[in-house]
1. Give the range 257-277 a look and list any residue that's in contact with a Phe, Trp or Tyr (Cβ under 9 Å, 6 or more places away or on another chain) and surrounded by fewer than 19 Cβ atoms within 10 Å (Cβ to Cβ), or say none.
2. Can you confirm whether Ala104 is surrounded by 24 or more Cβ atoms within 10 Å (Cβ to Cβ) and either among the aromatic types (Phe, Trp, Tyr) or more than 19 Å from the chain's Cα centre (by Cα) (or both)?
3. If you scan the range 143-157, which residues turn out to be over 14 Å from Pro20 (Cα atoms) and either among the aliphatic types (A, V, I, L, M) or touching a Lys or Arg at 6+ places or on another chain (Cβ under 6 Å) (or both)?
4. Would you be able to say whether some residue in the range 33-44 is acidic (Asp, Glu), surrounded by fewer than 24 Cβ atoms within 10 Å (Cβ to Cβ) and assigned to a helix (DSSP H, G or I)?
5. Given the criteria under 15 Å from the mean Cα position of the chain (by Cα) and buried (at least 21 other Cβ atoms within 10 Å of the Cβ), does Ser280 qualify?
6. Restricting to the range 233-251, count the residues that are under 21 Å from Leu147 (Cβ atoms) and either in contact with a Phe, Trp or Tyr (Cβ under 9 Å, 6 or more places away or on another chain) or not in a helix (DSSP H, G or I) (or both).
7. Just to verify a result, which residue in the range 283-310, among those that are farther than 19 Å from Cys69 by Cβ and of a type in the set (S, T, N, Q), is farthest from the chain's Cα centre (by Cα)?
8. Would you say Ser317 is surrounded by fewer than 22 Cβ atoms within 10 Å (Cβ to Cβ) and at pLDDT 90 or above?
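The values are calculated or read from the model by the stated rules, or taken from the named source; none is laboratory data. This structure is a prediction, so every number in the text was calculated from the model and none was measured. All Cβ positions, glycine included, derive from the backbone under ideal geometry; neighbour counts span all protein chains shown.
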Amino acid sequence: MVTDMTRGNPRTIILKFAFPMLVGNLFQQLYNIVDSVVVGRFIGKDALAAVGSSFMLMNFFSFVIIGLCMGASVVYSYYFGEKNFSNLRKTIFISFLSIGIFTAILSIILVSKTEQMLILINTPESIFTDSQIYLQVIFGGLLFIFLYNACSALLRSIGDSKTPLYFLILAASSNVILDLLFVIVFDMGVFGVALATIIAQAVSSVLCLVYGFAKIPLIRLTREDLVFDKEIALTVGKYSFLTSIQQSIMTFGMVCVQGIVNNFGPDTIAAFTVAGKIDSIAYLPVQDFGNAFSTYVAQNKGAKHTTRILEGIKSVSRTILLFCLVLSVLIFTSSGQLMKIFVHVNETNVIRIGVEYLSVISVFYTLIGFLFMFYGFFRGIGELNISLFLTIVSLGTRVFMAYILSSIPKIGQRGIWWSVPIGWALADLIAFIIYRRLKKRQLVKEAPDNPDYLLSTINTHK
C-alpha cells in the first residue's frame with residue numbers, strides 16, 4: 001500500500017511505516033540466527049566461528065549493494081513527494097540497471113578472491129576452509145541481495161513497507177526448513193547453511209520484483225521511461241555512491257574489529273559472533289526508526305514541508321529514548337540466557353565472554369538510537385556528507401580504541417567492547433552540534449522548485 005508521508009500525524013506515520021520494516025529486518029536477521037543455531041548445535045564450535053568470521057566480510061559487501069539501493073531510494077522519495085512520477089520511473093530504470101551490472105561484476109570478483117580476503121583478516125587455520133566455502137556460496141548469490149533490496153527500497157520510498165515484509169517472511173520460513181534439511185538430514189555442513197540462505201534470498205527477491213512492477217501502476221516502466229537522463233543519473237550516482245560509502249565504512253569498521261577479535265582465538269570469535277547477533281537484533285528497531293525517518297524527511301522535503309520534518313525529529317527522539325531504556329534493562333538482565341540459545345551450556349567460556357560483551361554494550365543503546373536518527377535526518381535532507389562523516393567518526397573511533405585498549409594486557413578483549421559506546425558517544429555529540437547550528441542558522445529550508453536541489457548542499461544557503 002502506497003503511503004503519502006506528507007500528511008497526517010508525524011509520530012503515527014513514522015511508527016506505522018517503521019513497524020513492518022522492523023518485522024522484516026527481524027526475519028532477515030533470522031537467516032543468520034538460524035545459521036548460527038544450526039551450526040553451533042549440530043556442526044560444532046569451529047564451524048560457528050567460521051560462519052561468524054565470514055559474517056563480517058559478507059556484511060561488508062552486502063552493505064555496499066544495500067547502500068547503493070538506499071541512496072537511490074532517497075531520490076525515489078523526493079520525486080514521489082514532489083508528485084513527479086515520470087522522473088520517478090526514469091530514476092528506477094537508471095538505478096536498477098546500473099546497480100545490477102555493478103553487482104554482477106562484484107560477485108564474480110569476490111568469488112575468485114575469497115581466499116585472499118580471509119588471509120587479510122587473520123582467519124585461524126582451524127576455520128579457514130569452512131569460512132571459504134561459506135563465503136564463496138554467499139558471494140555467488142549477491143545478485144539476489146541486490147534484487148530484494150532494490151525492490152524493497154523502491155516500495156518503501158513510496159510508503160509501502162508491508163509488501164517486502166510478506167515476501168521476507170516466506171523466505172525466512174524457507175531458510176529455516178532448508179537449514180535443517182541440508183545440515184541435519186543431508187549432512188552438508190557449512191555449505192548447506194550458505195546454500196539455504198541463498199535459496200531463501202532468491203525466493204524473496206524474485207517475488208518482490210514481480211509484485212512491485214506488476215501491481216503498482218505508478219512505478220510500472222513504459223518505453224518512454226527507458227531512457228538515460230544525464231541529470232537524473234548524476235543525482236542517483238551521487239546519492240547512491242555516498243550512501244554506499246557510508247554503509248561500507250560501517251561494515252568495513254566491523255571487518256577491522258573482526259580482525260582484532262580473531263587474535264583472541266576461537267572462543268572469543270564464537271562469543272563475539274553470537275553476542276554480536278543478539279546486539280544487532282536488540283537495536284534493530286531504532287535502526288528502522290532512523291530509516292523510516294529518512295523516507296519521511298525526503299518525502300516532506302520534496303513536498304516542501306520543513307515544519308513537519310522538525311516535528312518528526314521530536315517524535316522520533318522521544319520514541320528512541322523510551323524504547324532504548326527499556327531495551328537496555330532487558331538485554332543486561334538476560335544476557336546469559338540469550339547466549340545459551342545459541343551455544344551449548346558446556347561452552348562456559350564462550351558464554352562468559354558473550355555475557356561480558358552484552359553487559360557493556362547494552363547499557364549504551366540510547367546512544368546508537370540517536371545516532372541512527374541523525375543518520376536518517378541528514379540523509380533525508382540531502383546532507384549525505386554529514387551522515388558519512390558521522391559514520392567515519394563512530395567507526396573510526398571504535399576501531400582505533402579497540403586496537404589500543406585490547407593491546408593493554410590488563411584490559412585485553414574487554415577493550416574491544418568498550419570501544420563501541422565511545423565511538424557512538426563522540427558521533428552523537430558532533431551530530432547534535434551540527435544539527436543545532438543548522439537549525440539556529442535556519443539552514444534547513446524549503447526545497448526550491450526544481451530537482452537540482454538534490455545536488456545542492458545546505459551549506460550553500462544564505
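1. Hit for the range 257-277 is Phe264, nothing else.
2. Values: surrounded by 24 or more Cβ atoms within 10 Å (Cβ to Cβ): no; either among the aromatic types (Phe, Trp, Tyr) or more than 19 Å from the chain's Cα centre (by Cα) (or both): yes.
For Ala104, the condition - surrounded by 24 or more Cβ atoms within 10 Å (Cβ to Cβ) and either among the aromatic types (Phe, Trp, Tyr) or more than 19 Å from the chain's Cα centre (by Cα) (or both) - is not met.
3. First, pick out the residues of the range 143-157 that are over 14 Å from Pro20 (Cα atoms): 143-151, 154.
Selection gives Leu143, Ile145, Leu147, Ala150, Leu154.
4. Filtering the range 33-44 for residues acidic (Asp, Glu) gives 35.
Subsequent filtering for residues that are surrounded by fewer than 24 Cβ atoms within 10 Å (Cβ to Cβ) retains none.
Within the range 33-44, not a single residue is acidic (Asp, Glu), surrounded by fewer than 24 Cβ atoms within 10 Å (Cβ to Cβ) and assigned to a helix (DSSP H, G or I).
5. On the way: under 15 Å from the mean Cα position of the chain (by Cα): yes; buried (at least 21 other Cβ atoms within 10 Å of the Cβ): no.
Against the criterion (under 15 Å from the mean Cα position of the chain (by Cα) and buried (at least 21 other Cβ atoms within 10 Å of the Cβ)), Ser280 does not qualify.
6. Step one: list which residues in the range 233-251 are under 21 Å from Leu147 (Cβ atoms), which gives 233, 236-237, 239-241, 243-244, 247-248, 251.
Within this subset, residues satisfying the condition of being either in contact with a Phe, Trp or Tyr (Cβ under 9 Å, 6 or more places away or on another chain) or not in a helix (DSSP H, G or I) (or both) are 244, 247-248, 251.
Selection size over the range 233-251: 4.
7. Ranking the candidates gives Thr307 first.
8. Values: surrounded by fewer than 22 Cβ atoms within 10 Å (Cβ to Cβ): yes; at pLDDT 90 or above: no.
Against the criterion (surrounded by fewer than 22 Cβ atoms within 10 Å (Cβ to Cβ) and at pLDDT 90 or above), Ser317 does not qualify.
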